Amino acid sequence: MLDAFFQYELLRNTFYTGLLVGLIAPLLGAFIVVRRQSMIADGLSHVTLAGLAFGLFMQKKYTLLMFAPFHTGILFSIIGALIIENLRDVYKAFQEIAIPIILSVGVGLSIVFIALADGINTDIYTYLFGSIAAISSSDLRLIIFISLLVIIFIFVCYKDLFALSFDSEFAIVSGVKSKTLNFVFILMTALVISASIRIVGVLLVSALMTLPVATGMRIAKSFKQTIFYSIIYGEIAVIVGLITGYYFEIPPGGTIVITSALLLGLTLLFNKLKAVRSLKKDDGYAA
Amino acid sequence: MSDPIVTVQNVYHRYDQQTVLENINFNIEEGAFVGLVGPNGSGKTTLIKLMLGIEKLQRGNITAFGQPIQKFKNKGRISYVSQKANSFSRGFPATVKEVVSMGVIHNQRRFLPDQKKDQGLVKSALQKVNMEEYINRNIGDLSGGQQQRVFIARAIANNPKLLILDEPTVGVDSQNVEQFYDLLSKLNQELGITLVLVSHDIGAITTYVTDLLCLNRSIHYHGNPNEFESLTDEQRSILYGHQINTITHNH
């Protein structure tokens, strides 16, 4: 079943990218979810779309091929992250307002650039919903680099990030450099989003960061386990989603997220059944 | 007598146009158990945040262990149990062990830290608060009182000299509050940790603390809690600046 994936280079690149984002999206997502910042991913993904559209526009109108949409997407995502951090500082009491601002500006810019680049075409379609055959070898190399960066960041700063997510005041008193860490964290989020977009698409990239974590949290007993299960769920969703997407000719964004949602549903159901069963068992002892 | 571990001199603080602290002066001696009391909005939390260096000092001087607070490098000497700690824990997927491990974050080198040493510190902290049997439980599954013990363990894991607690009994049910204060007394007397306990409930803490500090924008009383006890309600309310919520506790 996997033969086709390894026969063609583009599909092979997609598969490797899938495995990487199935790892780094839930890895970072676990922190995003417990910090109650799930919406940040949505905000940034729409800014990334503006970047992608900007790249397309420059290429189509001015044939400036150096503006590869993938790269302009990363650039916009990073700029978006910087603006969010800045806005959160300006609106200290209403930090969440940064997200709708950045999201709407992202969509607004996207519409303008898409229109200027002659409207919706297949490229934009693949950016919105993800694509099975969009990863060139140089894209893959960049995604490998991003993945390594994220993994090293989490490995080195795990304790600080965990403490900051749980109780920021205690973390700061203990000497965690909260400002720097928050800043690097949101930069990493921007990078993961731009790396994941090729596969799951702009509209669903935040789902890949949050759905596996929502599932993992239900069965994990500790935070480390939450990360572990989230990654397992993320990888299953990506692999199943890519293969079914390929065979049924559906953009993988849809199939990956539906798989994630099914896993979440099954896990919740399983938990429920287990709870009911243990209740019955308790009754049995009591009687 | 050795130098005070914290000195606060002529401290003023304001948010926008509102003055929240006015002419604050006091010292904290090593080994003391200080009760910082005052009604809601009296500036207690602001004052301790200034002492912790979380809030930026606007006017006046604060020193900790002889250094100005702006330059003070903590290195685990001052620890903190925040008001927020309790509200964040519900639903957070973490075990007691993981929570207490946060207390030993910067002990060691970042790469390949000595896990065994950290784990030893975590275990001994949990023993001190009688929670070692809960080490692998989820923090969200514990009662309010148990969670607060875990937060104490986290705060003392690195063997601090000074522990500041902001309203730690919020969310602890009334039967366990007394036990909780007993635990604090034990930390103070047996382990020699200097304590600053912030509370709005003066009646509950006077029997435990060695120093009482009544704050309502400025300091209205600083001294022995027994002397404070002997004052009449009228004298107290003058000291306090306005009416005081005296709750009688019959222990």
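Just so you know, all these numbers are worked out from the coordinates, no wet-lab data involved. What you see is a predicted model; the values in this text were computed from it and never measured. Heads up, the Cβs are rebuilt from the backbone with ideal geometry, glycines too, and the neighbour counts pull from every protein chain shown.
If the chain between residue A:16 and residue A:145 were fully stretched, how many nm would it gain, using 0.36 nm times the residue separation less the Cα-Cα distance?
45.2 nm
Output the relative contact order of segment A:3-276, whole-number percent, from Cα pairs under 8 angstrom with separation of 6+ residues.
Once normalised by length, the contact order is 29 percent.
Per 0.36 nm of contour for each residue apart, how much would the distance between residue B:141 and residue B:174 grow if the chain were fully extended, relative to their Cα-Cα spacing?
10.0 nm
In whole Hz and in residue order, list the ³J(HN,Hα) couplings for segment B:30-35 that follow from phi through the Karplus curve 6.51 cos²θ - 1.76 cosθ + 1.60, θ = phi - 60°; x for Gly and Pro.
So the Karplus estimates, Gly and Pro as x, are 4, x, 6, 10, 9, x Hz.
Which entries in the list B:56/B:128; B:56/B:116; A:224/B:117; A:224/B:123; B:71/B:128; A:179/A:224 go over 30 Å, if you measure between the two C-alpha atoms of each?
B:56/B:128; B:56/B:116; B:71/B:128
Report the Stokes-Einstein translational diffusion coefficient (µm² s⁻¹, integer) for segment A:24-175, Rh taken as the Kirkwood radius over Cα pairs, at 20 °C with viscosity 1.002 mPa s.
125 µm²/s
If you take the square roots of the eigenvalues of the alpha-carbon gyration tensor of segment A:3-276 and sort them as a ≥ b ≥ c, do you get rounded (a/c under 1.5), prolate (a/b over b/c) or oblate?
oblate
Given the Cα-Cα distance of residue A:276 and residue A:9 and 0.36 nm per residue of separation, how much length would full extension add, in nm?
My answer for the length gained is 91.2 nm.
Who wins for biggest fluctuation among A:182, A:13, A:271 in a Gaussian network model of chain A, springs between alpha carbons below 10 Å?
A:271
Under a GNM of chain A (C-alpha, springs under 10 Å), which listed residue has the highest mean-square fluctuation: A:156, A:257, A:21?
Result for chain A, Cα springs under 10 Å: A:156 fluctuates most.
Where the centroid of each part is defined by its Cα atoms, how far is segment A:224-287 from segment A:162-215 in Å?
Taking the Cα centre of each part, segment A:224-287 and segment A:162-215 sit 22 Å apart.
Using amide H atoms built in the peptide plane, which far-off residues or other-chain residues are under 5 Å from residue B:35 H to H?
Sorted by chain and number, the residues that satisfy this are B:197, B:210, B:211, B:212, B:213.
With helices defined as uninterrupted DSSP H runs, which ones in chain A have an alpha carbon span along their own long axis of at least 24 Å and mean Kyte-Doolittle hydropathy of at least 1.6?
What comes out of the filter, once short or polar helices are dropped, is A:98-116, A:137-166, A:178-200.
From the helices alone, meaning DSSP H stretches of at least four residues, give me the mean residue ellipticity at 222 nm for chain A, per-run term -39500 (n - 2.57), in deg cm²/dmol to the nearest 500.
Calculated at 222 nm, the ellipticity per residue is -29000 deg cm²/dmol.
If you average the C-alpha positions of segment B:130-145 and of segment A:1-80 separately, how far apart do those two centres end up, in angstrom?
Cα centroid to Cα centroid, the span is 41 Å.
Per-residue HN-Hα couplings for segment B:150-162, Karplus 6.51 cos²θ - 1.76 cosθ + 1.60 at θ = phi - 60°, whole Hz, x for Gly and Pro?
Those phi angles translate into 5, 5, 5, 4, 4, 6, 9, 4, 8, 6, x, 8, 10 Hz.
Compare A:166, A:70, A:57 in a GNM of chain A, Cα atoms joined below 10 Å, and give the one with the largest fluctuation.
Maximum fluctuation in the GNM of chain A, among the listed residues, is at A:166.
For residue B:189 paired with residue A:86, estimate the spin-label separation in nm (one decimal), with each label point 7 Å from Cα along the Cα-to-Cβ line.
5.8 nm
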